[in-house]
Amino acid sequence: MAGSPGRFYGWLSAQRFDVIGAILALVLAVALLPLRLIASNFYIVAIPVAMVIASGLYLLAVRTNNTEGLPTFPIWIGRLLPSVTLLGTALLVVLGLYQGARTPAFYTLATVVGAAIFLQIFFTRERDFVPWLLLVQILAFAFTIRYVSLLTTPGYTGIDVWTHVASWSETIARTHSLDVLEGSKYYAAPLFHLAVVATSLLADVSVRNGLFLSVGFGMAISSIFLYITSRLFVSARWSLFAVAVYAMSAHTMEWSIHLIPTGLGLVFFLGVFYLLVRVLDVNPGSREFVLIVFLSVATILTHQISAFIMLVLTGAGLLAHLLLRFELFSPPSRFRSYTAGSGDSVSLTGLLAFDLGFITFMWSLTPYNGDTFLATTFSFFRVTLEESAGLGDLAGERSAAAATAPTLLEQVLQYIDAAVFLLVFLFAVVGCFYVLRRRNISHASVMCGASIVVMLVFIFGFPMFGIRTFIPQRWYAFLTAPMALLGAVGLAYLARRLTTPVILVVLLVFALAFPMVAFAATEGTIDNPRFEGTQTKYSYNAAELNAVETIGEIRPVAEEEGETYNTDHPYNTVFSRAGPGPAVAANISGEGLRNTETVIYRDYQRTGAEYFVNEDGASVTPEMSRSELCGAERHYAYDNGEVTMCTATWEVDTDADTGTDLGGGETDA
C-alpha cells in the first residue's frame, strides 16, 4: 500500500490534464443542470449548457486535425472589406449626429460593421492580412460607437455620473477644493474627479467635455492594452479577435457611456493585467514592477470595487506561480525554459502584500455610512451572512418572478443579454482546457484561468447564496478581459483542429451573432435602448433636463419636513443627485398618490420602461398617462410640453429664474 500514492502520482503525471479537465467539466455541467429548478438567475441556468458545448467542442478537437486550414475570402473581397468597414464607421457618425441619438438604425448598421470586422479576422488570406489595418478599424469602430452616444446625449447617461460629475466634479472645479467629497467614500479615492477637473481646466472646456476627453477617450482606446497582452499568447489574427470582442462587449460599452470611476478603474486594470502577464512569462525588469505599483496605487485611489478586483487578479497570479512550482504541472523539459521564465525571482507575494496593505490602510481611512469603508463593508457582509444568505433566497426570487410572468419580448431580451457573456465564455472555457495541457501551460495562462474562476465565484457563486455585498454587476467588464484573451487562445486551437465544415459553422455563427446581441443588449444601450418599451433608458432629452432646474426654482421642496419630488426612476436620480432636492420613485397606488404633494410627469412614462412603486413597495413598470399620475384634483404648476409638474396646492414662485439648465442644450464636445 505504501507504493499506491507513488503509482497514482506516476499515472497522473502521464495523463493529459486538458482532456481530464474537459471530461470533468462535462460531468460537472450535467450535474449543475438541475439548478434551473431552484435558480431564477438565467446565467446560472445557461452556464452549464455553455460548458457542455465547450467541453464537446474541445473533446472533438482533440480527436481531429484540420489539414485544409481555414477557408478564405477571394482576393477582391479581402481587399474590399476594410474600405467597407471604414465607410460604415463613417456612416455611423453621420447617422448618429443626424438622428441625434444611437437609434435602431444606428445599431443595425453597427451590427453589420461589427460582423464585417469579425469576418475579416476569420477569413482574410494570410498574404492579405494586415494586422495594423484591422487594429485601426477596430479602434475607430470602438471610438465611434461610444462617442456618438456621448456627443448626442444631453447632459449625462446613467445614475452615479450625476453625483460624480454634475455635482462633485462641477463643485471641485468651481471651488478648487475637495471639500465636497468630505464624508464620502471617494474622499480617499478622488483620482477620477481630479482627472476630469484637471482635463477641463487644462483644455479650457466644460467639466462635461473634460469627462469625455479624459475618461471617455481612455475607455474608447483601452482595448489596445488587451492587444499587446494577447500577443504574448497568440498570433496577431487571434489577438485582434480578443480586441474586437472586448471593444464590442455590451458590458465594457456600458462603462464607456456611463462614465464613472468604474470605467477609469477598468483602464488601470487592463494595464495591471498586461504587466502581470509580462512579469509572469517574460523576463521583467524593475520598470515593470514600478509600473504595476503605480497602476495599483492609481486603481486604489480611483474606485474601491476596481481595487478589489485588481487584488483578485494579483492573487490569481500568485496562485499560478505557486501551482507551477509543483513538478506535476511542469511541462516537458524542452518547454520549461519558456514557462519558468524568471518566475522564481518574482516576488508576487510582496506585490500582493503591498496591494493588500495599501488597500487596508486606505479603506481604514475612507469614510462610509458613518464609519470607515472597511468596517462598513465587513458589517454589510456579516449582516448578509446572518440574515439573508442561503439557497432559500433563490427559491424566493423564483416565486416572485413567477408572480409577474415576463412577456415574450422580456424573455427574448434575457437570452440576448446572456448571449453577450456566454458566447465569449464558451471559447474561454475551451482556452482553459487548452492551457491545462502541460506542453501549453504557463504562469500567465494559469493566472488568466484562475482569475476567471474566482471572478465567476463573486459574480454567480456568492449571489446564489444571497451574498451581493461585492456588487457583482460591476465585475462583468473586468471579467471580459481575461475571458476574451483565453477565448482567443481557445478559438485559435479549434481553428487548427476542427474540420473545415465544423469550424466554418462555429466562426460564422460567432461573427454574425455576437455583434447582433452586443448592439441589442440592455447594458450596451442604456443611452437609447434598442427596445425602448422594455429596456430602461438612462439618458434624458433637453426638455427633461431643463425641467429639473426650473422645477427646483419654482417649487423648492421642504427637505426638513421630509418632502420629496415624486416621479419615475431613473428620472428621480437627476433631482436627487444634481438637482434641486430629494426625489423618489412615486407610489402609484391610490393612497400613495393621495399622500403625495408634488408629482412630476414626463412623456417617457407613457411609453418607456421606467419604474414606479406599487402598494406592496415593489418596483413596477406600468405605462402612465399624465391624467393617471396627476389625477383630477392636482394643479398643473409647470408644463414645458414634455414634462409636467402637478401639485396638491398652488404654491409656486412665479418670479424664479428659469433660465438655468443641467447641460440640456450642450450636445457638442
Which residue, of 504, 545, 494, 486, is open to solvent by 10 Å² or more (accessible area, probe 1.4 Å) and either touching a helix residue (DSSP H, G or I) at 6+ places or on another chain (Cβ under 6 Å) or in a helix (DSSP H, G or I) (or both)? 504
Restricting attention to the stretch 154-169, and to residues there that are aromatic (Phe, Trp, Tyr) and within 20 Å of the chain's Cα centre (by Cα), which single residue is surrounded by the fewest Cβ atoms within 10 Å (Cβ to Cβ)? 162
Expected single match for surrounded by 22 or more Cβ atoms within 10 Å (Cβ to Cβ) and in a helix (DSSP H, G or I) among 266, 291, 259 is 266
Kindly list, by first and then second residue, each pair from a residue in the stretch 124-149 that is farther than 23 Å from residue 504 by Cα to a residue that is of a type in the set (Lys, Arg) and outside any helix (DSSP H, G or I), limited to pairs with Cβ atoms under 9 Å and residues at least 6 apart or on different chains. 145/102; 148/102; 149/102
Options 540, 604, 565; residue that is at pLDDT 90 or above, touching a Lys or Arg at 6+ places or on another chain (Cβ under 8 Å), among the aromatic types (Phe, Trp, Tyr) and open to solvent by less than 30 Å² (accessible area, probe 1.4 Å): 604
Only listed residue being surrounded by fewer than 21 Cβ atoms within 10 Å (Cβ to Cβ) and modelled with pLDDT of 95 or more, chosen from 151, 134, 119: 119
One residue is enough: does the stretch 302-319 have a residue meeting the conditions open to solvent by 10 Å² or more (accessible area, probe 1.4 Å), part of a helix (DSSP H, G or I) and modelled with pLDDT under 75? no
The stretch 347-382 - residue that is touching a residue at least 12 places away in the same chain (Cβ under 8 Å) and exposed (fewer than 13 other Cβ atoms within 10 Å of the Cβ) and, of those, farthest from residue 443 (Cα to Cα): 365
Check residue 183 against each of (1) closer than 19 Å to residue 300 by Cβ; (2) surrounded by fewer than 22 Cβ atoms within 10 Å (Cβ to Cβ) and name the one condition it does not meet. (1)
With 24, 80, 87, 12 as the choices, which residue is loosely packed, with under 15 Cβ neighbours inside 10 Å, assigned to a helix (DSSP H, G or I) and at pLDDT 95 or above? 87
Screening 421, 433 for residues that are within 19 Å of residue 32 (Cβ to Cβ), open to solvent by 10 Å² or more (accessible area, probe 1.4 Å) and touching a residue at least 24 places away in the same chain (Cβ under 8 Å) leaves only 433
Just to check your reading of the model, which residue among 531, 514 is touching a helix residue (DSSP H, G or I) at 6+ places or on another chain (Cβ under 7 Å), of a type outside the set (A, V, I, L, M) and in a helix (DSSP H, G or I)? 514
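The values are calculated or read from the model by the stated rules, or taken from the named source; none is laboratory data. These figures come from a predicted structure and were not determined experimentally. Positions of Cβ are backbone-derived with ideal geometry, glycine not excepted, and every protein chain shown enters the neighbour counts. Side chains included, ligands, DNA and RNA excluded: accessible areas come from the protein's heavy atoms. Shrake-Rupley method; radii C 1.70, N 1.55, O 1.52, S 1.80 Å.
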